[in-house]
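Undergrad: Once you've had a glance at the structure underneath, I'll fire off some questions.
The values are calculated or read from the model by the stated rules, or taken from the named source; none is laboratory data. Worth saying up front: this structure is predicted, and the values here are computed from it rather than measured. Cβ sites come from the backbone with ideal geometry, for glycine too, and all protein chains shown count toward neighbours. SASA here: full protein model, heavy atoms, side chains in, ligands and nucleic acids out. Shrake-Rupley method; radii C 1.70, N 1.55, O 1.52, S 1.80 Å.
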Amino acid sequence: MKTFNARLFICLPLFLLLAVALLLFAVYRQAAGLEEGYFETVRSGLAARDFLMRDLVSEYIRRGEYEKLRAYCARAAKQMDMRVTVIDGDGKILAESENDPHFMENHLERPEIAAALAGTASGATRYSSTLGTDMSYYAMPIVVDGKNYCIRTAVGSARLGVLLKQAFRTILLAGIIGALVAAGLAFYLFRLVTHPLDQLRRAAEKVAHGDYDVSLPVPANGEIRTLAIALNAMSEELKAKLAKITRERNERDAILSSMTEGVILVKGNGIIKRWNRAAETMFRFSGSPDAELSFAAVTGSRELIRLTEEAKNSDTICEAELSLNMPDGERSFIARAGRLNLGEKRRPGVLLVLTDITVIRKLEEFRRDFIADVSHEIKTPLTSIVAAVETLESAQGDPEAQTRFLKIITQQATRLNALVQDILSLSNLEHKRLSPDSEMADFAVEGVLREALELCRPRAEEKKIRLNLEISENMTVCGDARLLEQAVVNLIDNAVKYSSENSEVDITLRRTDDGLVRIDVADHGIGIAKEHQERVFERFYRVDKARSRKLGGTGLGLAIVKHVALFHGGRAGVVSEPGKGSDFYIQFPQKRAGNA
């Protein structure tokens, strides 16, 4: 009974506080409704006055008697205690009862005037910068000789607003005082009635829910004091141990998260207990720490399952190099698995560490292919040169044969030189792209295209191929003009090589929809099949090896184009169809990201 009475005493002030709040809300809503009703009545009166004045105002406007119109507006405003304004279709003030219209700003932006000039009568209530007070406005459209005008009347509305604000301020002040009194009374009763044991109970509940920063209140005397001291000591001990566990867990999670190797801890029943971010990225899975994810379902690899089973029965680390079909394609891994005792009887767990060596294997394969390709490309002209030299030694006294074989030596030496120069260009491009100190300068793309065009024109004229240059916009970019010219020359040269005689090559410069600079070199030649289009920018890749060598290519031209595009922060591509020609393009931003 005593507890019930105490709670009743505490609740009464709270009910009082709620009643005061509801009263304030009701008064506020009533005041807002009253104010809106008042303004609506005012606007209705203004509409009636506009209607009465409309015909006479229209007549003055029709006759162009603006001085009489202003005098009429002044008389009407004085007689009906209001403000009158007449505005033409452009928002210009023709007549005004309070001010000289010549010194007033254009009123076209006023909402009620814009609506009236559009043919709809409209009203508004707002502060007038001209008169320095709140005003209620109503504008009515007028059509004179097919032209739109409007007449606007206004009356001051500050009086009601002031009264309502004063009344609401008084009620609000009374409500705040009442709320403070109620709050003070509730606080006093709460401190007076609540038993210290209740405080102790609530604090103990917080500790039980993991809030170890709570300090339990200790009464001045009594048996509860001993209990409170013991609970405080227990809370501090729990807090210290939890902090240590949390710190160790954070350190472990930080180490796992920073590792590039995928780490997966598998329980004896095949459920993943823990994993790091690298493992999530490798296998494209995610889940909460409490989620039960099947190792077999996540990895989908028999080789990994076999390796983990082998590790469970071995006292050493089991290691294997595997090729796995991952969500982003086949990848190579070195997998290491070791047995762990996770507290499960007869079912040891396994710690699996996966190191992705796909890039290393691709680089090794690329190195082998590059060496093989370079060796093959160098071997062919060297063989021709050696054979020509040997033939020259036995062709003494035959000037015609000597001339022919010297020509062969010169051609093959030129081919070797071009190959070496292209390899050096690629190496230089890769160094520039990786170096933050690459030289960049502003230059006009049109000038680069015209220079490239002139360099390629003699060869095009030999095959009677017309080079067409179309520039939609001359853009200035930040980059390396020499490299861009080299790339464009390579594209035009390729287009000329693989185009038939008496055809055309179109070179265009334009800006893409996403603001990139794009250079297209389109021919009407043999085209490229779909399966070759993604690989034509690789080093030494040729669609038709026999024809490429016959035309004198090194196989590095398009690779250089790709690296020039990458150097400028863009990319190179091709759109082609066999028999219908090819469109090679480079697109890049006006400023490379590192130089923006």
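Undergrad: How many of the residues making up region 202-252 are at pLDDT below 70, open to solvent by 100 Å² or more (accessible area, probe 1.4 Å) and in a helix (DSSP H, G or I)?
TA: Number satisfying all stated conditions: 1.
Undergrad: Just to be sure I understand, how many residues within region 136-153 are basic (Lys, Arg) and over 11 Å from GLU112 (Cα atoms)?
TA: Within region 136-153, the first condition is being basic (Lys, Arg), and the residues that meet it are 147, 152.
Within this subset, residues satisfying the condition of being over 11 Å from GLU112 (Cα atoms) are 147.
Residues in region 136-153 being basic (Lys, Arg) and over 11 Å from GLU112 (Cα atoms): 1 in total.
Undergrad: Return a yes/no flag: does region 50-59 have any residue that is in a loop (DSSP other than H, G, I, E, B) and either within 24 Å of ASP145 (Cβ to Cβ) or modelled with pLDDT under 85 (or both). Working first, answer last.
TA: Taking region 50-59 as the starting set, the residues that turn out to be in a loop (DSSP other than H, G, I, E, B) are none.
Among the residues of region 50-59, not one is in a loop (DSSP other than H, G, I, E, B) and either within 24 Å of ASP145 (Cβ to Cβ) or modelled with pLDDT under 85 (or both), which makes the answer no.
Undergrad: For region 327-339, how many residues meet the condition of being surrounded by 17 or more Cβ atoms within 10 Å (Cβ to Cβ) and over 19 Å from LEU363 (Cα atoms)?
TA: 5
Undergrad: Report the residue count in region 278-324 for those that are of a type in the set (A, V, I, L, M, F, W, C), open to solvent by 90 Å² or more (accessible area, probe 1.4 Å) and in a helix (DSSP H, G or I). Step through it out loud before you land on a result.
TA: Kept after step one, since they are of a type in the set (A, V, I, L, M, F, W, C), are these residues of region 278-324: 278-279, 282-283, 285, 291, 293, 295-298, 304-305, 307, 311, 317-318, 320, 322, 324.
In the following step, the residues that additionally are open to solvent by 90 Å² or more (accessible area, probe 1.4 Å) were identified as 317.
This time we only want the ones that are in a helix (DSSP H, G or I), so: none.
Number of matching residues: 0.
Undergrad: Further, regarding this structure: Considering each residue of region 280-336, count those that are among the small types (Gly, Ala, Ser) and touching a strand residue (DSSP E or B) at 6+ places or on another chain (Cβ under 9 Å), and give that number.
TA: Of the residues in that region, 11 qualify.
Undergrad: Checking GLY64 against (1) open to solvent by 10 Å² or more (accessible area, probe 1.4 Å); (2) of a type outside the set (D, E, K, R); (3) closer than 16 Å to SER128 by Cα, which test does it fail?
TA: Evaluating GLY64 over (1) open to solvent by 10 Å² or more (accessible area, probe 1.4 Å); (2) of a type outside the set (D, E, K, R); (3) closer than 16 Å to SER128 by Cα leaves (3) as the failure.
Undergrad: Go through region 125-145 and give me each residue that's modelled with pLDDT under 85 and of a type in the set (Gly, Ala, Ser). Can you show your working first?
TA: If we filter region 125-145 for residues that are modelled with pLDDT under 85, which is where we start, we get 125-136.
Listed by number, the residues that qualify are SER128, SER129, GLY132, SER136.
Undergrad: Continuing with the same structure: If you check ARG62 against the conditions, is it within 25 Å of LYS147 (Cβ to Cβ) and either modelled with pLDDT of 85 or more or not acidic (Asp, Glu) (or both)? Walk me through it before giving the result.
TA: Details: within 25 Å of LYS147 (Cβ to Cβ): yes; either modelled with pLDDT of 85 or more or not acidic (Asp, Glu) (or both): yes.
Yes.
Undergrad: Counting only residues that are among the small types (Gly, Ala, Ser) and under 21 Å from VAL155 (Cβ atoms), which one in region 89-111 is most open to solvent (accessible area, probe 1.4 Å)? Don't jump to the end; show me each part of the working.
TA: Going residue by residue through region 89-111, those that are among the small types (Gly, Ala, Ser) are 89, 91, 95, 97.
Narrowing the set further to residues that are under 21 Å from VAL155 (Cβ atoms) leaves 95, 97.
On the way: ALA95: 0, SER97: 27 Å².
Across region 89-111, the extreme among qualifying residues is SER97.
Undergrad: To continue, here is another question. I'd like to check something: does region 527-544 contain any residue that is part of a loop (DSSP other than H, G, I, E, B), at pLDDT 75 or above, under 26 Å from VAL448 (Cβ atoms) and of a type in the set (Gly, Ala, Ser)?
TA: The answer is no, given that none of the residues of region 527-544 is part of a loop (DSSP other than H, G, I, E, B), at pLDDT 75 or above, under 26 Å from VAL448 (Cβ atoms) and of a type in the set (Gly, Ala, Ser).
Undergrad: Next up: All but one of (1) at pLDDT 85 or above; (2) surrounded by fewer than 20 Cβ atoms within 10 Å (Cβ to Cβ) hold for VAL86; state the number of the condition that does not hold.
TA: Going through the list (1) at pLDDT 85 or above; (2) surrounded by fewer than 20 Cβ atoms within 10 Å (Cβ to Cβ), VAL86 breaks only (2).
Undergrad: Name the residues in region 520-538 that are in contact with a Gly (Cβ under 6 Å, 6 or more places away or on another chain) and open to solvent by 30 Å² or more (accessible area, probe 1.4 Å), would you?
TA: Start the filter on region 520-538 by keeping residues that are in contact with a Gly (Cβ under 6 Å, 6 or more places away or on another chain), which leaves 523-525, 527.
Result: HIS524, single match.
Undergrad: Restricting to strands (runs of 3 or more DSSP E) lying wholly in region 80-160: which have 2 or more residues that are in contact with a strand residue (DSSP E or B) (Cβ under 6 Å, 6 or more places away or on another chain), among the hydroxyl-bearing types (Ser, Thr, Tyr) and farther than 19 Å from ALA48 by Cα? Steps first, please.
TA: Values: elements: 83-88, 93-96, 122-128, 133-144, 147-156.
In region 80-160, 122-128 are the strands (runs of 3 or more DSSP E) which contain 2 or more residues that are in contact with a strand residue (DSSP E or B) (Cβ under 6 Å, 6 or more places away or on another chain), among the hydroxyl-bearing types (Ser, Thr, Tyr) and farther than 19 Å from ALA48 by Cα.
Undergrad: Would you mention how many residues in region 464-519 are crowded, with 21+ Cβ neighbours inside 10 Å, under 33 Å from the mean Cα position of the chain (by Cα) and among the small types (Gly, Ala, Ser)?
TA: 2
Undergrad: When both residues are 6+ apart or on different chains and their Cβ atoms are under 6 Å apart, which pairs have a first residue that lies in region 98-116 and is closer than 23 Å to GLU67 by Cα, and a second that is exposed (fewer than 13 other Cβ atoms within 10 Å of the Cβ)?
TA: Once the first residue is closer than 23 Å to GLU67 by Cα and sits in region 98-116, no partner that is exposed (fewer than 13 other Cβ atoms within 10 Å of the Cβ) comes close enough.
Undergrad: What residue, among those in region 166-185 that are surrounded by 13 or more Cβ atoms within 10 Å (Cβ to Cβ) and out of contact with any helix residue (DSSP H, G or I) (no Cβ under 6 Å at 6 or more places or on another chain), is modelled with the lowest pLDDT?
TA: Narrowing region 166-185 to residues surrounded by 13 or more Cβ atoms within 10 Å (Cβ to Cβ): 167-168, 171-172, 174-175, 178-179, 181-183, 185.
Then keep just the ones that are out of contact with any helix residue (DSSP H, G or I) (no Cβ under 6 Å at 6 or more places or on another chain); that gives 167, 172, 174, 181, 183.
On the way: ALA167: 64, LEU172: 70, ALA174: 73, VAL181: 75, ALA183: 67.
Per the criteria, the residue is ALA167.
Undergrad: Here is a follow-up. Can you name every residue in region 253-277 that is without any contact (Cβ under 8 Å) to a residue 40 or more places away in the chain, open to solvent by less than 50 Å² (accessible area, probe 1.4 Å) and touching a Ser or Thr at 6+ places or on another chain (Cβ under 7 Å)?
TA: GLY270, ILE271, ASN276
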